[in-house]
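The values are calculated or read from the model by the stated rules, or taken from the named source; none is laboratory data. Just so you know, these numbers come straight off a predicted model, no measurement behind them. Cβ placement follows ideal geometry from the backbone for every residue including glycine, while neighbour counts extend to all protein chains displayed.
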Amino acid sequence: MRECAKLMGARTFFEQGGRTDAVLQYPDNQILTYVEWEYNQADRDSVNELDKLLEKNDKCYFSTFISYCQHENINIVIEKASRIWSEASRPLIFFLITYEPQTKKRRHFLELRTYFFSNGKRKLVRKQPALPWDIEQRKYNVEEDAG
């Protein structure tokens, strides 16, 4: 998170106000993005990070959500995000890591999917293996947008 902020000329502040996991902020105090992440599956009713981000959406350039879901639940998660973000004034970048359960507490990560939500629409921007050792570098260095 810090490295991404640095690349964009911003600073990272973690656990701001007891309600936000991270804030990327410029030196002039403008908020680049509020960031929330959740290890629980994003399709669960108890996962309300998108609602938290939506509350502050007009105070930043874009919002960022990082979460997980079982591979079979991708459509449920994306529909939930689309429904919540449909009236947002600013974009959302959603990093979704899919997995298959191995045991009750272990997950086998499959894909990292990056979605862009804006103006009531969504786009799958990129899809790649979730684990770095599964990535064929040549393919992803020249691949065009996934969507």
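Overview of results
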{"read-out": "Single condition LYS80 does not satisfy, out of (1) closer than 26 Å to LEU131 by Cα; (2) in contact with a strand residue (DSSP E or B) (Cβ under 8 Å, 6 or more places away or on another chain)", "value": "(2)"}
{"read-out": "Only listed residue being within 16 Å of the chain's Cα centre (by Cα) and surrounded by 13 or more Cβ atoms within 10 Å (Cβ to Cβ), chosen from GLN25, GLN41", "value": "GLN41"}
{"read-out": "Within the stretch 92-110, considering residues that are farther than 14 Å from ASN40 by Cα and surrounded by 18 or more Cβ atoms within 10 Å (Cβ to Cβ), the one nearest to the chain's Cα centre (by Cα)", "value": "PHE94"}
{"read-out": "Residue in the stretch 53-73 that is surrounded by 14 or more Cβ atoms within 10 Å (Cβ to Cβ), in contact (Cβ under 8 Å) with a residue 24 or more places away in the chain, touching a helix residue (DSSP H, G or I) at 6+ places or on another chain (Cβ under 8 Å) and aliphatic (A, V, I, L, M) present", "value": "yes"}
{"read-out": "Test: residue in the stretch 78-87 that is at negative phi, loosely packed, with under 15 Cβ neighbours inside 10 Å and assigned to a strand (DSSP E or B)", "value": "no"}
{"read-out": "Among (1) among the aliphatic types (A, V, I, L, M); (2) within 26 Å of ARG11 (Cα to Cα); (3) not in a helix (DSSP H, G or I) - the single one LEU110 does not satisfy", "value": "(2)"}
{"read-out": "Search result, residues across the stretch 84-108 that are charged (D, E, K, R) and closer than 15 Å to ASN119 by Cβ", "value": "GLU87, ARG90"}
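Listed here are the residues, each with its yes/no results for (1) modelled with pLDDT of 90 or more; (2) part of a strand (DSSP E or B); (3) of a type in the set (D, E, K, R).
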{"site": "TYR61", "(1), (2), (3)": "yes, yes, no"}
{"site": "ARG90", "(1), (2), (3)": "yes, no, yes"}
{"site": "TYR99", "(1), (2), (3)": "yes, yes, no"}
{"site": "PHE116", "(1), (2), (3)": "yes, yes, no"}
{"site": "ASP145", "(1), (2), (3)": "no, no, yes"}
